[in-house]
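Shown next, in structure tokens, is the structure this report addresses.
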Amino acid sequence: MNIEIAYYQSPLGVLELRGNGHSITEVLFVNSWKGAKLDEANLTFTPPASKVIKSCIKQLDEYFAGSRTHFTVPMSQVGSEFQQLVWAELEKIPYGRTISYHELSKRIGNVKAIRAVGSANGNNGICILVPCHRVIGSNGDLVGYGGDLWRKKWLLEHEGKIANGVQTLF
């Protein structure tokens, strides 16, 4: 199966989008501790060929514009049954809201699996679309984000403004 790679210029830097023709398989920040280290100035932004990548770009445009709060593009990522369970639960966290790792472990029915939940959350390869950024520490601190904490903060503030009807004038 062929993997298509496209690059998307977001307000938070370049995202690498990967798709298999049927679904999105990865969305990672280029130049983050978890993403690839590439020279953004030399990336080639060619028009995507597949409908799934085109749809992903359209939905990301809408998300960053504040008109999309849920992604509907087909997604699939390889992971264990436990990781799949955690990633599915991440998609249920409402836009503009956060939960703790402890709460996430409760939601999957195993409060003692908090570390494993954190690990599965950290192994999510489809950032933003599978909103691992909405999981925070029990004390409210921003902890653990593969796209770097400043991006997590930006995403939560962006969603909070839209969800709570706060708009900036300038």
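The values are calculated or read from the model by the stated rules, or taken from the named source; none is laboratory data. Given the structure is predicted, the values throughout are model-derived calculations rather than measurements. With ideal geometry, Cβ positions are generated from the backbone for all residues, glycine too; neighbour counts draw on all protein chains shown.
Return the residues of the stretch 114-163 that are loosely packed, with under 14 Cβ neighbours inside 10 Å and either among the acidic types (D, E) or assigned by TED's automatic domain parsing to the domain that holds T25 (or both); say none if nothing qualifies. D141, E157 - these are the residues of the stretch 114-163 that are loosely packed, with under 14 Cβ neighbours inside 10 Å and either among the acidic types (D, E) or assigned by TED's automatic domain parsing to the domain that holds T25 (or both). Report yes if E16 is within 15 Å of the chain's Cα centre (by Cα), at pLDDT 95 or above and not polar (S, T, N, Q), otherwise no. Taking the combined requirement at face value, the residue does not satisfy it. Mind checking whether some residue in the stretch 125-134 is in a strand (DSSP E or B), within 19 Å of S105 (Cα to Cα) and at pLDDT 95 or above? No, there is no match, as no residue in the stretch 125-134 is in a strand (DSSP E or B), within 19 Å of S105 (Cα to Cα) and at pLDDT 95 or above.
Just to be sure, is K106 of a type in the set (K, R), in a helix (DSSP H, G or I) and surrounded by 14 or more Cβ atoms within 10 Å (Cβ to Cβ)? Considered against the rule, which asks whether it is of a type in the set (K, R), in a helix (DSSP H, G or I) and surrounded by 14 or more Cβ atoms within 10 Å (Cβ to Cβ), K106 comes out as yes. Which ones in the stretch 31-65 are under 26 Å from G122 (Cα atoms), modelled with pLDDT under 95 and in contact with a Lys or Arg (Cβ under 8 Å, 6 or more places away or on another chain)? If the condition is that a residue be under 26 Å from G122 (Cα atoms), modelled with pLDDT under 95 and in contact with a Lys or Arg (Cβ under 8 Å, 6 or more places away or on another chain), then N31, S32 are the ones that fit.
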